[in-house]
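Quick notes on the structure that follows.
The values are calculated or read from the model by the stated rules, or taken from the named source; none is laboratory data. In this text the structure is predicted, and so the values were computed from the model without any measurement. Counting neighbours? That spans all protein chains shown, and the Cβs are built from the backbone with ideal geometry, glycine included. Note: accessible area is taken over every heavy atom of the protein model, side chains too, but ligands, DNA and RNA are not part of it. Shrake-Rupley method; radii C 1.70, N 1.55, O 1.52, S 1.80 Å.
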Amino acid sequence: MKDIIKNYSLNLGYQVIILLIPFISIPYLSRTLGPNNLGVEAYTTSVTAVFIAVVNAGTLIYSTRQVASLKNKKELLIKEVYNIILFRVLLAFGSLLVYFLMILQSEYFNVFLIQSVFLIASTFFDCTWYFIGKENFKLIVFRNLLIKFVGILLILQFVNDQSDLINYIWINAVTVLIPNISLILLLIKDIGMPKKSLFSIKELKKLIFSIYPFFIMGIITQVYMNVDKIIIEKHDLIYELGVYSQFIKSYSVFLAPITAVGTILMPRITNLVVDKKENGTKLINFSSNFIFVLCIPIFTGLIAISNEFVKLFYGEGFSEFLLLFQIGALLIFTGSLSNIVVQQVIYPNSLEKLYNKALVYASLIRIIIILISINIIGIYGALIAYVISELILMGICIYSTRSHVNIINLILNFNNLRILSAGATMFVFIKIINENMLVLKVLGGSIVYIVMLVLLKEQITIKIKKHITSISINKKDNLKDKKQT
């Protein structure tokens, strides 16, 4: 548990910093590049992401899980790691070839050409899965922080008006490429140079058979995540796509502290499942409680301050899409559920086939809703389709995994009612305060929420309170002992 707390504290510190960086980059880019350029960037990135998925999403989860389960068996680990790298390289070559053939006739050829650097960086050289599987989060955190800081400095320096879209895409590509190359060198230093004896056709076939469910899941996931942007672009809603993509990025930023929980716990729960220990269920109970404590104030707080936030954060040009932002805030809730169900139940228990089926159903529903509604309500149809498909996806997964963990009991319980009550009180408090006092709303709302959690005796809050009290008592006792001696 101490390792988990240490890793989460490290990741939380990192998430707080990367939470602050988009508060500079998103408003800055919204004003300098404008929705049209951001729409082009969102569309080209979405298409590129599908090709990256052929390599990454098909292997990242599997690779992380394998490293976590074999980290105490060095010879097997080295063999597995280098065969995974070989498989990824072969997929990357195939993906890159198809990518270049596809972009030849595109009106955004120059943009796609630069995006190919991002594709190469995220496929050939990405080995973050190895360090996450070994729970070496310190390295990943500092590496990611460096990327973020360098990226924002380059953006502020070289992206100054609407003609600098190409500069922005170059910055995104290079700030991933260089750190990933350095990670490959660290991996080789850690496990040694590859040897011919590690590779064989038999091992590669075995690996392909094992990765296959992840490979399918990776492609379906990326289609699911990016099909909306592609459909929006095909309906010539580039301006709206720019607004939509900025909102989606913002929700991901606010989900960062919650995402950190799944990143930390997935390797640990996998290890517990492999060793057939019962602590996995206890960890899921604890993390789900913690996630809801974070999720509720983020969701209710965003809704409460949405009017002021959209104007301040994105600029006046985004104000007409206030309702779009408010509807999208529901993705904070669905993203939190996904962290519990997918990261902590499905992946550690090797239930990828189940998740694949759920993704297919959710993807089909999402596409159908978008195609029906986009001509009627425009960009709102895409976001409503996103929210509905997420709820359906989570519903299917929760029902299908009930024999492993009863997620319904983790959601519908008296303690979560306490959290909801605290969130509702915070919402009312924020709405009462004058509209121009955004800082007071955020700080005051946070204090009200914490006080209500204490008064309502919410489980994790009480544990934290007891822990702080015990530390305080120990310090006093130590001071008394020192005085007496």
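Data table
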item	result
Check on Asn160, in contact with a Ser or Thr (Cβ under 9 Å, 6 or more places away or on another chain) and buried (at least 18 other Cβ atoms within 10 Å of the Cβ)	no
Phe309 vs. criteria assigned to a helix (DSSP H, G or I), within 20 Å of Pro27 (Cβ to Cβ) and at pLDDT below 85	no
Where a residue in region 280-305 is over 15 Å from Lys463 (Cβ atoms) and its partner, wherever it lies, is among the basic types (Lys, Arg) and buried (at least 18 other Cβ atoms within 10 Å of the Cβ), with Cβ under 7 Å and at least six apart	Ile305/Lys441
Considering residues of region 64-119 that are charged (D, E, K, R) and outside any helix (DSSP H, G or I) only, the residue surrounded by the most Cβ atoms within 10 Å (Cβ to Cβ)	Lys71
Matching residues in region 314-330 - criterion: being open to solvent by 10 Å² or more (accessible area, probe 1.4 Å) and either modelled with pLDDT of 85 or more or closer than 23 Å to Asn285 by Cα (or both)	Glu320, Phe321, Leu322, Leu323, Gln326, Ile327, Leu330
Region 41-59, subset within 16 Å of Phe93 (Cα to Cα), open to solvent by less than 10 Å² (accessible area, probe 1.4 Å) and not hydroxyl-bearing (Ser, Thr, Tyr), residue modelled with the lowest pLDDT	Gly58
Residue satisfying condition, being under 31 Å from the mean Cα position of the chain (by Cα), modelled with pLDDT under 90 and open to solvent by 70 Å² or more (accessible area, probe 1.4 Å), within set Leu440, Leu479	Leu440
Test: residue in region 170-186 that is over 27 Å from the mean Cα position of the chain (by Cα) and open to solvent by less than 30 Å² (accessible area, probe 1.4 Å)	no
Filter result for Ile392 (open to solvent by 10 Å² or more (accessible area, probe 1.4 Å), free of Cβ contacts under 8 Å to residues at least 24 places away in the same chain and either among the hydrophobic types (A, V, I, L, M, F, W, C) or part of a helix (DSSP H, G or I) (or both))	no
Criterion violated by Ile155 - all others in (1) touching a residue at least 24 places away in the same chain (Cβ under 8 Å); (2) of a type in the set (A, V, I, L, M); (3) open to solvent by 60 Å² or more (accessible area, probe 1.4 Å); (4) farther than 25 Å from Leu60 by Cβ satisfied	(3)
Region 268-279: number of residues that are surrounded by fewer than 23 Cβ atoms within 10 Å (Cβ to Cβ) and either assigned to a helix (DSSP H, G or I) or at pLDDT 80 or above (or both)	6
Selected residue [in a helix (DSSP H, G or I), open to solvent by less than 30 Å² (accessible area, probe 1.4 Å), out of contact with any strand residue (DSSP E or B) (no Cβ under 6 Å at 6 or more places or on another chain) and of a type in the set (Lys, Arg)] from Arg418, Arg366	Arg366
Residue within region 192-203 that is under 18 Å from Leu76 (Cα atoms), among the hydroxyl-bearing types (Ser, Thr, Tyr), exposed (fewer than 15 other Cβ atoms within 10 Å of the Cβ) and out of contact with any Ser or Thr (no Cβ under 9 Å at 6 or more places or on another chain) present	yes
Ile132 being in contact with a helix residue (DSSP H, G or I) (Cβ under 6 Å, 6 or more places away or on another chain), aliphatic (A, V, I, L, M) and on the phi < 0 side of the Ramachandran plot	yes
Residue within region 341-363 that is more than 30 Å from Thr59 (Cβ to Cβ), open to solvent by less than 50 Å² (accessible area, probe 1.4 Å) and either in contact (Cβ under 8 Å) with a residue 24 or more places away in the chain or under 24 Å from the mean Cα position of the chain (by Cα) (or both) present	no
